[in-house]
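Just below is one structure, and these are the notes that go with it.
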Amino acid sequence: MQPSNSRRDFLHTVTGFAALATLGSLAAQGRALGQEPGAPAKAPEPKPLERRKFGKTDMQVALLGFGSAEIGYQKIEQGTVDKLLGAALDAGLNVVDTAECYLDAELQIGAAIAHRRKDYHLFTKCGHIAADGSRGNDWTTAGILASLERSLKRLKTDAVDLFQLHSCSKEELQKGECIEAMERAKKEGKTRYIGYSGDSAAALFAVESGRFDALQTSVNFCDQECIDLVLPKAKERGMGVVAKRPIANAVWRHEGLPDNGYHQEYWKRFDALRYEFAQGEARKREDADGPAGVAMRFTAMQPGVQVLIVGTTRPERWKQNADLLRAGPLSPELEARIRARWKEVAKPDWIGQT
Ligand SMILES: NC(=O)c1ccc[n+]([C@@H]2O[C@H](COP(=O)([O-])OP(=O)(O)OC[C@H]3O[C@@H](n4cnc5c(N)ncnc54)[C@H](OP(=O)(O)O)[C@@H]3O)[C@@H](O)[C@H]2O)c1
């Protein structure tokens, strides 16, 4: 006969008390289970970072990825990149995003982690390097296929998981040749999926074309055009969605207009938006309710977003940011205030930034 519910509960309680008593006496002797006598108590393992299904693909992506533009453009030394990527993979990273044009980033990624290729999904992009190696757009079939061959060599792999057009214009997409080249690369097995990386009207065109498996676009509290314009449509079509520039280049770190031209537009918007969680002393907070935490948690809750590829040059950063994301979504009230503030302040030319 099954014991009654109340009896079962009671038995659980008694067993629980007995276990607690045993643990208490072990702890009193300085011995938790599996530890040497006298060793300090181990901190509990953090819960694993959330994974989301990447659109209709077979990939389950950890919510925090890695964007490699910063390591490339800032010419970070190989030893630091080894540490950064190795530590992040150990802590749960499984999406690494790069591009042929991020100077040596592909080479650095290949050197650091090609031996762990099964541990991560690899996304790269094409279109900004000509056949002779000089910088300049090349959206021809030959140019795109040659770019992928060079990327595979540099990344030391036979195929990437996602190959993306690197922000070509809507007009270029309309011509069609670049999309056909991407489809050919997929058919030849050099990439498992294809995507468009870009913003605003061009991103919308790419989504509506129905030809891409994934979209990479700028989503952050200083760049919200896509939230109404593009993301709902990408979600409806079951596309994988990568949020690029997901913490708005951390522009709150600058007292005045940053020297780096790439950060200036977001800084100007941030200055006008005056979000309360990033004013005065609050700007310096490093917890989940400080600007970095709020920025990432806001981006992670936008429609269809599955992975945030935060750029960093610091080995400790991935783990810190993963901890901030573990706090989960913002309260609906705070998210609504960020959306409302944007709608009130954004100018018509505050379109998605590439
Ligand atoms: N057209 C395109 O396809 C395109 C365009 C832009 C970007 N992307 C992709 O998106 C990725 C991300 O974009 P992004 O690097 O420009 O912008 P981002 O991820 O919004 O910002 C990166 C900056 O934030 C800082 N940061 C990171 N975590 C922080 C924290 N907790 N507190 C304070 N600062 C923090 C980093 O500095 P530290 O070094 O100090 O961590 C870095 O300077 C790129 O790497 C690239 O892969 C693609």
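Give the Rg (one decimal place) followed by the Dmax (whole number) of the chain, computed from C-alpha coordinates and expressed in Å.
23.4, 81
I want to check the label-to-label distance for residue 257 and residue 286. Put each point 7 Å from Cα in the C-beta direction and report it in nm to one decimal.
For residue 257 paired with residue 286, the spin-label model returns 3.1 nm.
Which whole-Hz couplings ³J(HN,Hα) result when phi for each residue of region 83-92 is put into the Karplus expression 6.51 cos²θ - 1.76 cosθ + 1.60, θ = phi - 60°, listed in order with x for Gly and Pro?
After applying 6.51 cos²θ - 1.76 cosθ + 1.60, I find 5, 4, 6, x, 5, 5, 4, 4, 8, x Hz.
Which of the aspartates and glutamates could a cross-linker bridge to residue 156, judged by Cα under 18 Å and excluding same-chain residues fewer than eight apart?
82, 97, 100, 104, 106, 119, 188
Calculate one ³J(HN,Hα) per residue across region 143-159 by plugging θ = phi - 60° into the Karplus curve 6.51 cos²θ - 1.76 cosθ + 1.60, and present them in order as whole Hz with x for glycine and proline.
x, 5, 5, 5, 4, 5, 4, 5, 4, 4, 5, 5, 8, 6, 8, 8, 7
When the helices in the chain are scored as -39500 (n - 2.57) per DSSP H run of 4 or longer and the sum is shared across all residues, what 222 nm value do you end up with, to the nearest 500 deg cm²/dmol?
On the way: 14 runs with 151 residues, N = 354.
Roughly -13000 deg cm²/dmol at 222 nm, from the helical runs in the chain.
Can you give the FRET efficiency to the nearest 0.05 for residue 140 and residue 74, using r as the Cβ-Cβ distance and R₀ = 35 Å? Could the numbers behind the result be given before it?
Values: r = 31 Å, r/R0 = 0.88.
After rounding, the FRET efficiency stands at 0.70.
Tell me, what ³J(HN,Hα) does each residue in region 73-78 have, in order and in whole Hz, if you take phi through Karplus 6.51 cos²θ - 1.76 cosθ + 1.60 with θ = phi - 60° and put x for Gly and Pro?
Using θ = phi - 60°, the values come out as 5, 8, 6, 6, 6, 4 Hz.
Counting Lys and Arg as +1 and Asp and Glu as -1, each charge on the Cβ, what is the dipole of the chain about the Cα centre in debye, to the nearest 20? If you can, show how the numbers build up before the last one.
Working: 50 positive and 47 negative charges, 172 e Å.
Roughly 820 debye for the chain.
Once the Cα gyration tensor of region 236-348 is found, what semi-axes does its equivalent ellipsoid get, as square roots of 5 times the eigenvalues, in whole Å, sorted largest first? The partial results should precede the final answer.
Details: eigenvalues 84, 67, 49 Å².
For region 236-348, the semi-axes come out at 20, 18, 16 Å.
Here is the link list: 56/190; 47/190; 75/233. Which ones come out longer than 26 Å on Cα distance?
Numbers: 56/190 19 Å; 47/190 35 Å; 75/233 37 Å.
Correct reply: 47/190; 75/233.
Would you mind computing, in nm to one decimal, how far apart the modelled labels at residue 279 and residue 186 are, each placed 7 Å from Cα along Cα→Cβ?
4.7 nm
So what's the angle, to the nearest 10 degrees on a 0 to 90 scale, between helix 5-28 and the longest Cα principal axis of the chain?
Once rounded, the angle reads 90 degrees.
Amide H of residue 193 versus every other amide H placed in the peptide plane: which residues, excluding those fewer than 5 positions away on the same chain, fall under 5 Å?
162, 163
So if R0 is 41 Å, what FRET efficiency would residue 236 and residue 43 give, r being the distance between their Cβ atoms, rounded to the nearest 0.05?
Details: r = 43 Å, r/R0 = 1.04.
Computed FRET efficiency for residue 236 and residue 43 comes out at 0.45.
Ordered by packing density, taken as the mean number of other Cβ atoms within 10 Å over each peptide's residues, highest first, how do 96-108, 199-211, 181-193, 43-55 rank? The partial results should precede the final answer.
On the way: 96-108: 22.9, 199-211: 19.2, 181-193: 17.3, 43-55: 13.3.
By packing density, highest mean first, the sequence is 96-108, 199-211, 181-193, 43-55.
Quick one: which of 135-145, 316-326, 296-306, 344-354 comes out on top by average Cβ neighbours within 10 Å, and what's the full order, highest first?
Numbers: 135-145: 15.5, 316-326: 18.5, 296-306: 21.8, 344-354: 13.6.
Final packing ranking: 296-306, 316-326, 135-145, 344-354.
Could you sort 79-90, 119-130 so that the peptide with the highest average Cβ count within 10 Å comes first and the rest follow in order? List each step's numbers first, then the result.
Details: 79-90: 17.8, 119-130: 22.9.
Ranked from most to least packed, the peptides come out as 119-130, 79-90.
Roughly how many whole Å is it from the C-alpha centroid of region 196-232 to that of region 325-354?
Comparing the Cα centres of region 196-232 and region 325-354, I get a distance of 16 Å.
Which FRET efficiency value, to the nearest 0.05, is calculated for residue 115 and residue 301 with the Förster distance at 45 angstrom and r the Cβ-Cβ distance?
Calculated value: 0.80.
Every read-out reported here was derived from the displayed coordinates using simple, explicitly stated rules and does not represent laboratory data. Please read all numbers here as calculations on a predicted model, not as lab measurements. Neighbour counts run over all protein chains shown; Cβ positions are idealised from the backbone, glycine included.
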